[in-house]
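Some notes on the structure that comes next.
What follows is calculated from the coordinates using simple rules that are stated; it is not laboratory data. Predicted model, so just to flag it, every value in this text is computed and none were measured. Every residue, glycine as well, gets a Cβ built from its backbone with ideal geometry; the counts of neighbours run over all protein chains shown.
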Ligand SMILES: Nc1ncnc2c1ncn2[C@@H]1O[C@H](COP(=O)(O)OP(=O)(O)O)[C@@H](O)[C@H]1O
Ligand SMILES: [Mg+2]
């Protein structure tokens, strides 16, 4: 079985000539199906850029990204879109819910796009609303929700779509500590109970401690020698690594 995600020699530079800014320098990363992997780095270290390249939302300068054993650069634009739609869910700091749709319509959206019948949509969406404790908010619009409710809605949406790999970009960045903790517990359960694979990028040690392994993005590279392995990582473990790596 190929790894669900394999990244090798990934380079990304923004701008050209004198204003060229190298952001990623030969990044390697492999994530096996069912793992919960965290990549930590300070603000501006290239974490969001890495996720954009993995999701095929932007193109790398050099290097390969394989999703489910398929090299994105060898696919046509349409094939890449289909592979991404099948494989990758995104959970963002700012939720990215559609403001004019209700909570339940937001969760159902990927199923609507696939053309699934209404009854089938409800059959998938209803249990997710209950599980994530947003059933009482099913007819509310995003602006009426708390941050935690918005993020749980966006995780429910990614699950409704059946995506095996969730890319989570600072998913607690806009939440209180308590709501953030709940969202991280939700992601942990989505890995343990649903067998989804999670790639989390964050600068928050509290969030990183939920992962099975933590890697560090330093000067545009993922430190090969330094990997924290759980289960049972603590915030202190993560702080220890950050100070050992001077980040
Ligand atoms: N579209 C872009 N054009 C130019 N520079 C960018 C662009 N996106 C990000 N950058 C720069 O690349 C670096 C890494 O950004 P980013 O991937 O957003 O980091 P992080 O998510 O770790 O905070 C930053 O210096 C940022 O200013
Ligand atoms: Mg970012």
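If you fit an axis through the alpha-carbon atoms of helix 147-160 and take the longest principal axis of the Cα set of the chain, what angle between them do you get, 0 to 90°, nearest 10?
90
Hey, how much of the P(r) for the range 144-187 falls beyond 14 Å, as a percent of Cα pairs?
44
How large is log10 of I(q)/I(0) for the range 1-140 at q = 0.20, 0.22 Å⁻¹ when the intensity is taken from the Debye formula with one equal scatterer per alpha-carbon?
-1.22, -1.32
Short version: what are the Cα gyration tensor semi-axes of the range 1-79, square root of 5 times each eigenvalue, largest first, in whole Å?
Working through the eigenvalues yields semi-axes of 22, 16, 10 Å.
Of the listed peptides 105-112, 39-46, 149-156, what is their order by residue-averaged count of other C-beta atoms within 10 Å, with the highest listed first?
With the highest mean Cβ count within 10 Å placed first, the list reads 149-156, 105-112, 39-46.
Restricting to the chain, what percent of DSSP beta bridges are antiparallel, rounded to 5?
50
Angle, helix 235-244 long axis vs. longest principal axis of the chain, Cα atoms, 0 to 90°, nearest 10?
30
Quick one: angle between helix 77-87 and the longest Cα principal axis of the chain, in degrees between 0 and 90, rounded to 10, please.
Tilt of helix 77-87: around 70 degrees.
What translational D, rounded to a whole number of µm²/s, comes out for the range 60-143 from Stokes-Einstein when the hydrodynamic radius is the Kirkwood one over Cα pairs, at 10 °C and 1.306 mPa s?
105
With 23 Å as the cut-off, how large is the P(r) tail for the range 133-247, expressed as percent of Cα-Cα pairs?
Taking all Cα-Cα pairs of the range 133-247, the fraction more than 23 Å apart is 34 percent.
If you wrap a convex hull around the Cα atoms of the range 178-232, how much volume per residue is inside, in Å³?
88
Counting just the Cα atoms, what span does the chain cover along each of its three principal axes? Round to the nearest Å and put the largest first.
Projected onto its principal axes, the Cα set of the chain covers 51, 45, 39 Å.
Taking neighbour Cβ counts within 10 Å as the exposure measure, how do 192, 28, 207 sort from fewest upward?
192, 28, 207
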